[in-house]
Amino acid sequence: MILVTGASRGLGKAIAHRISDSGEDVLGIARNPAGLSFPAVSCDVLDLPGLKSIAKSIRQRGQVVTGLINAAGVASMNLALTTPAESTQHILSVNLLGTVNSIQAFTPLMVREKFGRIVNFSSIAVSLGLAGESVYVASKAGVEGFSRSFAREVSDFGITVNCIAPGPIRTDLLRGVTDKQIAKIVSRQIIRREFTPEDVCDLVELLLDSRSQNLSGHVLTLGGS
């Protein structure tokens with residue numbers, strides 16, 4: 001079974017659909033999972049006890065978890081000096097603490113099996129150092145650093161940990177970002193084109209595959225920077 005957080009929209013939803021369509025068991029985790037065409041449960045990634053309860057249920061049912069996709073995230077474009085404190089706290093909490101919570105809750109299920117694939121999400125905004133996204137960049141840079149260190153902690157258990165850092169993709173996360181702003185970011189990429197959720201799904205499939213067993217602790221930037 002592959003677990004996908006943030007599965008009710010955007011990249012998380014697209015990834016969960018791709019996994020389900022491939023015939024693999026998937027379980028989506030989202031705050032509002034109603035109406036999804038794949039199995040999903042309701043939980044906020046900031047609710048660590050709730051996530052651990054889901055893990056306990058999976059273990060009690062005897063299901064085997066082989067992968068975790070941490071796609072839950074939020075974004076906001078704003079100068080650091082004018083970002084409200086509440087917004088700063090929310091972005092850092094969901095993007096960084098939410099990722100850590102999911103990993104703490106579900107990785108033990110993979111440790112038991114001596115196998116696992118963990119895929120976290122960063123952003124090309126980190127490597128490009130995009131102005132107006134300082135708080136968001138801080139949260140995603142934290143995810144990158146955590147992923148590199150955690151990859152070393154679980155390597156002896158056959159678990160790999162990698163990050164995908166996409167360029168701008170037109171999902172709900174980019175609502176409010178203008179075409180001009182998107183074009184400016186794309187112009188700084190090595191591969192100067194917009195990508196789609198399907199492009200991300202292709203990369204996730206690669207990282208979930210057993211052939212990626214020697215790839216861990218990396219940040220794969222979709223588009224290059």
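Every number here is computed from the coordinates shown, using simple stated rules; none is lab data. Please read these numbers as outputs of a predicted model, since none were measured by experiment. Virtual Cβ from ideal backbone geometry, glycine too; neighbours counted across all protein chains shown.
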If I model a spin label as a point 7 Å beyond the Cα along the Cα-Cβ vector, how far apart are those points for ARG170 and LEU46 in nm?
3.1
Just rank CYS43, CYS163, CYS201, fewest to most, by other beta-carbon atoms within 10 angstrom.
CYS201, CYS43, CYS163
Using the 10 angstrom Cβ neighbour count as an exposure proxy, how do VAL143, VAL186 rank, fewest first?
VAL186, VAL143
Would you mind getting me the FRET efficiency between LEU79 and ARG211? Use the beta-carbon distance for r and R0 = 35 Å, nearest 0.05.
0.20
Please compute the length gained on full extension between VAL177 and ARG31, using 0.36 nm multiplied by the number of residues separating them and subtracting their Cα-Cα distance.
50.2 nm
For the pair ARG152 and SER87, what calculated FRET efficiency results from E = 1/(1 + (r/R0)^6), where r is the Cβ-Cβ distance and R0 = 30 Å, to the nearest 0.05?
0.40
In Å, the Kirkwood hydrodynamic radius of the chain over pairs of distinct alpha carbons?
17.6
